[in-house]
1. Considering only the range 191-204, state which residues are under 20 Å from the mean Cα position of the chain (by Cα) and of a type outside the set (A, V, I, L, M, F, W, C).
2. Does Gly95 qualify as being buried (at least 20 other Cβ atoms within 10 Å of the Cβ), small (Gly, Ala, Ser) and touching a Ser or Thr at 6+ places or on another chain (Cβ under 8 Å)?
3. For the range 205-225, how many residues meet the condition of being in a helix (DSSP H, G or I), within 12 Å of the chain's Cα centre (by Cα) and either surrounded by fewer than 24 Cβ atoms within 10 Å (Cβ to Cβ) or among the aliphatic types (A, V, I, L, M) (or both)?
4. Given the residues Val63, Val39, which is the only one that is assigned to a loop (DSSP other than H, G, I, E, B) and surrounded by 22 or more Cβ atoms within 10 Å (Cβ to Cβ)?
5. Which condition number in (1) in contact with a strand residue (DSSP E or B) (Cβ under 9 Å, 6 or more places away or on another chain); (2) more than 22 Å from Asp8 (Cα to Cα) is the one that Glu172 fails?
6. Is there a residue being part of a loop (DSSP other than H, G, I, E, B), more than 21 Å from Asn269 (Cα to Cα) and in contact (Cβ under 8 Å) with a residue 24 or more places away in the chain anywhere in the range 299-308?
7. Return the residues of the range 1-21 that are part of a loop (DSSP other than H, G, I, E, B) and either over 21 Å from Ser207 (Cβ atoms) or not acidic (Asp, Glu) (or both); say none if nothing qualifies.
8. State yes or no: is Arg44 of a type outside the set (A, V, I, L, M, F, W, C), touching a residue at least 24 places away in the same chain (Cβ under 8 Å), surrounded by fewer than 22 Cβ atoms within 10 Å (Cβ to Cβ) and farther than 27 Å from Tyr117 by Cβ?
Amino acid sequence: MLNDGYDDWYDHVRSRPYITGDDWTTRVGAALGVPDPGVVPAPRVVDVSTEDGVTTTELAWSVGFGPELHAWLLHPEGVDPSGLPGVLDLHCHAGIKSIGAERLLHRPAARSYQDLYEGGVAFAPMLARRGVAVLAPDTFSWGSRRFDLSQATGQVRELAELLERADVPESERYDRLATLHEHLVAKRAGAIGTSYAGMIAHDDLTSLAVLRSLVSGPISVTGFSGGGGRGPTLAALSPGIAKVSIIAMMATNDSLVPDHLDGHSWLLNTPWRHRTLDLPELAASRREHDLHVVYCTGDELFPLSGMRAADQRLKALYEDAATTYEGVFVEGPHGVAPSTHERVAAFLTP
C-alpha cells in the first residue's frame, strides 16, 4: 500500500455511488465518475484573523478519506457572514500544488504566483471587502489535500533523486514532483472508476455544501483557469447557483484537438469528456445561472478561434434563457489583470 496519506481513497470511492439528481447532475456525475459526498461536512475552526477590514476564518473538515480539507472564509470585519451572499472562489492549477486556495489570500507563499498570474492581486479579500462572504477551499491533491510524496516510489522517486542531485531548492521540488505525480493519480482514479476531475468535483461539492450552511444569501462561483473549469462543473452538478464567472477557461472542445491538449492538465482531459460534454454546453448547463466569461485574446492555452466559437455558442444557448450571458474579450496572455478582477467583482457582488 502506498504511504501517501490516501490509503483509504480506493475504499471510499468504491463504497460511494456516482452523484445523481436531475438530467444534468446525473449526466456530469457519470461522465466524470463523481462519487456522491453524502452528508454535509461539519467544519471546525482552525484560526481566525482580521486584516484591512476583512475577517478570515480558517476551517477544516473531513471529506471521507485522505487528509482534511482546509478552506478560508472571508467577510467584512464586524459583519455576520450568515446574512451575506456567498461566493465560492476556486483556485487554479498553475502547476503549483504545494498550496491551493492560499494563493487567493494575502500570504507570503502566494506572492510569486499572484505577481505572475493575477497582477499582484489577492482576489478573495478584495471580493470580501465588497460585502460578500467568500469561501476559498483547497481541493483534491492541492494544499491541505496534497499527496505526501516524501516516500514516493517508481518514477516520482527517480525524479526526486534527480532534482536533489541537481541542487534544485527543496522549496521547488514538491511542485515538480506533483506535476509528474498527477499522471499517476489520474491513472489510479481511472482504475477505480472515477477520474481526476471527478475527485476534484467531489471535494468541491463538500465546499459548496459548507458555504451553503454558513450563508443565507444567493451563492455564486468564480475561478481563473483550472478554477474557472471547476466552477461550471460544480454548477452543472448542483442546481441553485446564482452566478458563475469563468476567467480564461473557455473554448470549444474541437478547437483544442490536437494542438492544445498538452498545455492542459488532467483536470480538463478526462477521457471521453470531449465526446460527451462540450465546454460551452457544460458552462450553460440548465441556464439557470447568470454566466460571465472572460476570454484573453493572447491566451496561449486556447486558440482565439475556439474562444470566439464558444462565445457564439453561449450567446445562442442563452438567447431565450431567463438568465444572462456576457462574454468579454480582453487583451493579454493567460492571466488575470487588475481590470479583469474589477470586472469579475462587479459581476459577483450586489
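1. Listed by number, the residues that qualify are Thr194, Ser195, Tyr196, Gly198, His202, Asp203, Asp204.
2. Values: buried (at least 20 other Cβ atoms within 10 Å of the Cβ): no; small (Gly, Ala, Ser): yes; touching a Ser or Thr at 6+ places or on another chain (Cβ under 8 Å): yes.
No, not satisfied.
3. Applying the first criterion (in a helix (DSSP H, G or I)) to the range 205-225 yields 205-214.
Filter again for within 12 Å of the chain's Cα centre (by Cα), leaving 205, 207-208.
Still in the list and also either surrounded by fewer than 24 Cβ atoms within 10 Å (Cβ to Cβ) or among the aliphatic types (A, V, I, L, M) (or both): 205, 208.
The qualifying residues number 2.
4. On the way: Val39 fails: surrounded by 22 or more Cβ atoms within 10 Å (Cβ to Cβ).
Matching residue, one of Val63, Val39: Val63.
5. The one condition Glu172 does not meet is (1).
6. If we filter the range 299-308 for residues that are part of a loop (DSSP other than H, G, I, E, B), which is where we start, we get 299-303.
Filter again for more than 21 Å from Asn269 (Cα to Cα), leaving none.
For the range 299-308, residues part of a loop (DSSP other than H, G, I, E, B), more than 21 Å from Asn269 (Cα to Cα) and in contact (Cβ under 8 Å) with a residue 24 or more places away in the chain: absent.
7. Step one: list which residues in the range 1-21 are part of a loop (DSSP other than H, G, I, E, B), which gives 1-8, 16-17, 19-21.
Scanning the range 1-21 gives Met1, Leu2, Asn3, Asp4, Gly5, Tyr6, Asp7, Arg16, Pro17, Ile19, Thr20, Gly21.
8. Numbers: of a type outside the set (A, V, I, L, M, F, W, C): yes; touching a residue at least 24 places away in the same chain (Cβ under 8 Å): no; surrounded by fewer than 22 Cβ atoms within 10 Å (Cβ to Cβ): yes; farther than 27 Å from Tyr117 by Cβ: yes.
Judged against the criteria, Arg44 is not a match.
The values are calculated or read from the model by the stated rules, or taken from the named source; none is laboratory data. Predicted model only: the values in this text are computed from it and were never measured. With ideal geometry, Cβ positions are generated from the backbone for all residues, glycine too; neighbour counts draw on all protein chains shown.
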